[in-house]
Amino acid sequence: MQNVKNWEKAINSLRIDMDADIYITGSNSNLLSGELATLLSGRYVELTVYPISFKEFFDYKKGQPFQENKLFNEYLKVGGFPNAILAPNDDFRISVQEDIFNTIMYRDIALRSNGKNDQAITAIAEYMMSEIGNPISANKIAGTLQSSGFKTQTKTVISYMSLLEDAFIFYKARRYDIRGKKWLQTLAKYYVVDTSLRNTQLNKSYKDNIGHQLENIVFIELLRRGYKVDVSNYNNKEIDFIARKGEQVQYYQVSLHLPENSTREIDNLRFIPDGYKKTVLSLDADDAGIIDGIQVKYVLDWLLEK
């Protein structure tokens, strides 16, 4: 609806003339987060719709106890877009996922990019997908693109990354300094809306880099549950996520399994000097329990929680 001139006047007219609830949809976060407040004068409730969660996928597949791991591998493969889940075969599914990416890139982004370099934006998106779970520097992206023949400066990269966020392809996790109690301006992490887009666009197997894919899925799930999510470190130890909802604060560490003869994953949380809840999410069911006061959960059980 954001592409229709004066749409807000029609909506306000309908709201005045009809005793009805009105639902409108848009696919650009810049409009949804900023312009709606002005155009509709606060008379709206914003709902963010994410791809299908693992719990929704599990329920759709009529999952039974002890099928969690099998269905999670299938979820990694097909992703959370309904048309991809319903696809009759892999070729059709891949085509659906490619079409979703291209539609977002060449419709939602192109319409707002004012003639910007679409190839460069696609290259930046693919770079960000390849670096899921890693801190990202606009300077480094600019250098990588320049070495590939693009005449792209750092400020342009920052602008393109903002467009990718606005189109809901990526979500930004800012870096929070626990000791200094402030957000840092550099080296944020970016997570893709659905890992299937990353796998299809980069021509990767769903088994590639499962650790970072799992981290991505947990990040999106925290957003889906209504949290604002940052990344952090304390005493040079990485904290995967700080999740905030109102006054509620929780810390999460995500791991494929707890390493033998090492308490690294636990220690990253154990020494944070506050009383907020701390949880390690592991893809190894045998890791579940309490270690040094830190709760360790089987991540698939956590994803299936109501």
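The values are calculated or read from the model by the stated rules, or taken from the named source; none is laboratory data. Just so it is clear, the structure is predicted and the values come from calculations on it, not from any experiment. No Cβ is skipped: glycine too gets one built from the backbone with ideal geometry, and neighbour counts run over all protein chains shown. For accessibility, only protein heavy atoms count, side chains too; no ligands or nucleic acids. Shrake-Rupley method; radii C 1.70, N 1.55, O 1.52, S 1.80 Å.
See the values below:
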read-out	value
Length-normalised contact order for region 189-258 - Cα pairs under 8 Å, 6+ apart - percent	22
Members of LYS77/LYS245; LYS182/LYS228; LYS9/LYS228 lying beyond 26 Å, as alpha-carbon distances in this model show	LYS77/LYS245; LYS9/LYS228
Accessible area per residue in Å² at 1.4 Å probe, computed on the chain	54
Sulfur and carbon atoms: percent of accessible area, the chain [1.4 Å]	48
Given 10 as the ceiling on other Cβ atoms within 10 Å, longest exposed-site-free region of the chain for chymotrypsin sites (Phe, Trp or Tyr not before Pro) in DSSP loops	67-270
Helix-only CD estimate at 222 nm, as mean residue ellipticity for the chain, using -39500 (n - 2.57) per DSSP H run (n ≥ 4)	-11500 deg cm²/dmol
Unit charges on C-beta of K, R, D, E only; dipole of region 147-269, Debye	440
Positive-end extreme of charge dipole, region 59-110 - chosen from ILE94, TYR106, TYR75 (charges on Cβ)	TYR75
Region 157-229: relative contact order as a whole-number percent, Cα under 8 Å and 6+ apart	22
Under 16 Å from LYS5, Cα to Cα: aspartates and glutamates that are on another chain or at least 8 residues apart	GLU35, ASP108
Accessible-area ranking of LYS155, LYS70, LYS182, LYS55, largest first, probe 1.4 Å	LYS155, LYS70, LYS182, LYS55
The chain, relative contact order in percent, only Cα pairs under 8 angstrom and at least six apart counted	13
Largest-first principal axis extents, alpha carbons of the chain, Å	62, 51, 45
Of the GluC sites (Glu not before Pro) in region 220-263, those whose Cβ has at most 11 other Cβ within 10 Å and which sit in DSSP loop	GLU247, GLU260
Alpha-carbon centroids, region 211-289 and region 52-117: separation in whole Å	25
